[in-house]
RNA sequence: GUGCCUGUAGCUCAACCGGAUAGAGCUUCUGACUUCGGAUCAGAAGGUUGGGGGUUCGAAUCCCUCCAGGCACACCA
């Protein structure tokens with residue numbers, strides 16, 4: 001099924017050809033509903049190229065435009081815009097078509113890709129905190145959208161399960177571990193022994209050395225240390241899994257950093273033999289002397305003590321995704337501070353002749369009250385668990401007030417759907433690059449442009465069908481007359497042209513904004529147009545609009561990883 | 001010092017890779033329930049898009065410059 005934008009765009013091309021004018025401009029949704037539904041600036045573009053009068057050119061184009069099937073006669077406005085207004089019959093036909101289409105009009109991608117989406121990436125022996133919400137929720141939504149558009153998506157959790165902090169974790173485990181505390185709250189106890197070891201190490205050189213020795217033993221395969229490491233990994237994964245269960249996040253694979261250990265020497269050897277890496281100050285580095293901004297920023301792939309670091313691991317990770325998984329596209333979702341690192345890695349891959357499409361999808365930070373970055377090391381982070389629990393508690397309180405008769409089991413389910421939805425939507429509805437100050441109020445707002453507002457629109461529709469006492473069945477004819485009906489129908493048709501561009505610049509907030517406007521149009525329609533009390537054929541038409549709105553809302557929210565309740 | 005990111009209404013944010021009079025929400029004020037769920041709707045108020053130049057029919061958007069905040073820049077991840 002083609003969108004109106006595509007249809008009108010083709011009509012424009014044909015009109016330009018018929019008028020012996022070069023191809024120029026494009027058809028876009030109108031910037032303002034007062035002008036119509038779609039517009040083109042073709043005449044303005046051509047006027048500039050040819051030094052002619054834009055309004056005269058616009059008239060010339062209109063004389064050749066054959067759009068009567070879809071649009072009222074196009075009009076010229078302003079400097080030379082051509083405006084299209086969809087005919088009610090055309091919209092009605094579209095509504096009927098959309099009701100028959102599982103994809104709700106959204107076209108599949110022209111060329112499907114195999115995409116590895118790397119997001120979340122929590123660290124073992126550390127709790128997940130609010131900062132993880134961004135990467136996790138953003139990556140999940142992008143993966144859902146890509147997969148809906150027909151791409152083959154592999155969701156990979158690149159867990160931080162290897163590194164120098166394990167020296168301290170293992171020393172702490174051997175010397176400070178409280179088994180009872182570990183049984184009660186494993187992560188809290190792991191964090192406690194890590195922190196305390198770190199503190200002691202600051203004043204005690206013997207402990208620092210002991211930690212270093214534990215790390216060396218782990219890396220050289222010492223059985224006891226290996227077992228401790230394995231247990232911390234297992235305990236952490238269980239903890240992560242609980243969070244993912246609540247968040248509704250699913251991974252296809254979870255390849256931690258340790259997975260790549262035995263590939264690291266090969267990576268360094270290869271880069272050396274290719275002449276891309278060289279020895280410098282005892283370390284082995286890749287230099288980018290021909291790129292000005294990277295000229296003085298080498299990428300170290302082997303430390304002077306012979307150890308590997310995360311650059312080495314990440315190169316091996318890219319290899320794995322391309323060679324073993326067969327991906328042609330890699331999306332890595334992390335905070336902006338890692339930008340340089342991935343710029344270097346992608347450049348190395350390019351130098352090795354890899355042609356895959358690499359994207360580092362960055363996001364802003366969550367700040368503390370002091371407007372400074374919430375640092376991982378500071379220990380002042382709000383644990384993710386607390387945010388999720390608080391969200392559910394607040395949602396439960398509001399649902400109980402609004403709807404006291406709900407049975408306890410259903411109440412719990414609804415509170416979860418609304419609370420978690422609110423947290424996710426707060427993230428996804430804003431531009432991913434902006435930093436913001438953490439606040440419960442902000443994250444759990446239930447009014448305005450929020451998930452509960454959208455969920456409420458859905459629930460109102462379900463309520464209508466409950467009252468109707470029958471499943472939806474498509475009406476014989478759809479006839480749109482009221483302004484609120486037409487406005488809602490236009491919004492519904494726009495879903496198809498909203499979803500694909502989200503991936504152009506990885507901006508789920510575009511989809512969120514659309515859904516908000518759709519819900520808004522529905523609420524206005526709901527106030528203006530009674531459904532059940534209406535006479536046929538208006539009744540059938542309005543039920544169809546309700547049903548389609550519910551489907552688009554549910555589907556759109558699902559693409560953002562947000563569920564809808566039947567009641568709330 | 002070099003590079004990158006951010007700066008839009010009192011607050012939180014939009015503006016779909018140059019479009020028309022810069023839009024929402026929160027807050028404030030005014031209205032709307034004998035009517036399908038008021039977590040709603042209708043309306044009002046609120047702006048020199050950080051400042052200054054430039055490019056052109058047209059700039060929040062592109063270029064230059066300055067200001068403010070943040071991040072990153074060789075062996076942590």
Looking only at region A:105-112, decide whether some residue is crowded, with 23+ Cβ neighbours inside 10 Å and on the phi > 0 side of the Ramachandran plot. no
Which members of region A:488-526 meet the condition of being out of contact with any helix residue (DSSP H, G or I) (no Cβ under 8 Å at 6 or more places or on another chain), in a helix (DSSP H, G or I) and near RNA strand B (Cβ under 8 Å from one of its atoms)? A:513, A:520
Residues of region A:258-289 classified as in a helix (DSSP H, G or I) and touching a strand residue (DSSP E or B) at 6+ places or on another chain (Cβ under 6 Å), total: 2
With more than 30 Å from residue A:255 (Cβ to Cβ), modelled with pLDDT under 95 and part of a loop (DSSP other than H, G, I, E, B) as the only criterion, which of A:79, A:109 stands out? A:79
Considering each residue of region A:460-472, count those that are in a loop (DSSP other than H, G, I, E, B) and surrounded by 10 or more Cβ atoms within 10 Å (Cβ to Cβ), and give that number. 1
Among (1) farther than 17 Å from residue A:13 by Cα; (2) away from RNA strand B (no atom under 14 Å from the Cβ); (3) in contact with a helix residue (DSSP H, G or I) (Cβ under 7 Å, 6 or more places away or on another chain), residue A:92 falls short only on (3)
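Tell me, which helices (runs of 4 or more DSSP H) wholly within region A:137-205 include 2 or more residues that are closer than 24 Å to residue A:366 by Cα? Talk me through it step by step, then tell me what you get.
Working: elements: A:165-176, A:179-184, A:186-203.
So the answer is A:186-203.
Looking at A:413, A:430, A:455, A:447, can you tell me which residue is without any contact (Cβ under 8 Å) to a residue 40 or more places away in the chain and under 30 Å from residue A:546 (Cβ atoms)?
Details: A:413 fails: without any contact (Cβ under 8 Å) to a residue 40 or more places away in the chain; A:430 fails: without any contact (Cβ under 8 Å) to a residue 40 or more places away in the chain; A:455 fails: without any contact (Cβ under 8 Å) to a residue 40 or more places away in the chain.
From the options A:413, A:430, A:455, A:447, the qualifying one is A:447.
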Residue satisfying condition, being buried (at least 18 other Cβ atoms within 10 Å of the Cβ) and more than 35 Å from the chain's Cα centre (by Cα), within set A:47, A:24: A:47
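With a cut-off of at least 2 residues that are under 30 Å from residue A:104 (Cβ atoms) and touching a strand residue (DSSP E or B) at 6+ places or on another chain (Cβ under 6 Å), name the helices (runs of 4 or more DSSP H) lying wholly within region A:4-66.
Working: elements: A:4-18, A:42-50, A:54-64.
Passing ranges, in order: A:4-18.
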Do we have any residue at all in region A:538-559 that's surrounded by fewer than 20 Cβ atoms within 10 Å (Cβ to Cβ) and outside any helix (DSSP H, G or I)? no
Hey, can you tell me all the residues within region A:290-299 that are in a loop (DSSP other than H, G, I, E, B), within 16 Å of residue A:342 (Cα to Cα) and more than 8 Å from RNA strand B (Cβ to nearest atom)? A:291, A:295
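Select, from A:473, A:463, the only residue that is within 10 Å of RNA strand B (Cβ to nearest atom), farther than 25 Å from residue A:4 by Cβ and out of contact with any helix residue (DSSP H, G or I) (no Cβ under 8 Å at 6 or more places or on another chain).
Working: A:473 fails: within 10 Å of RNA strand B (Cβ to nearest atom).
None of the others qualify; the one that does is A:463.
The values are calculated or read from the model by the stated rules, or taken from the named source; none is laboratory data. Since the structure is predicted, the reported quantities are computational estimates derived from the model, not experimental observations. Glycine also receives a Cβ, built like all others from the backbone with ideal geometry; neighbour counts cover every protein chain displayed.
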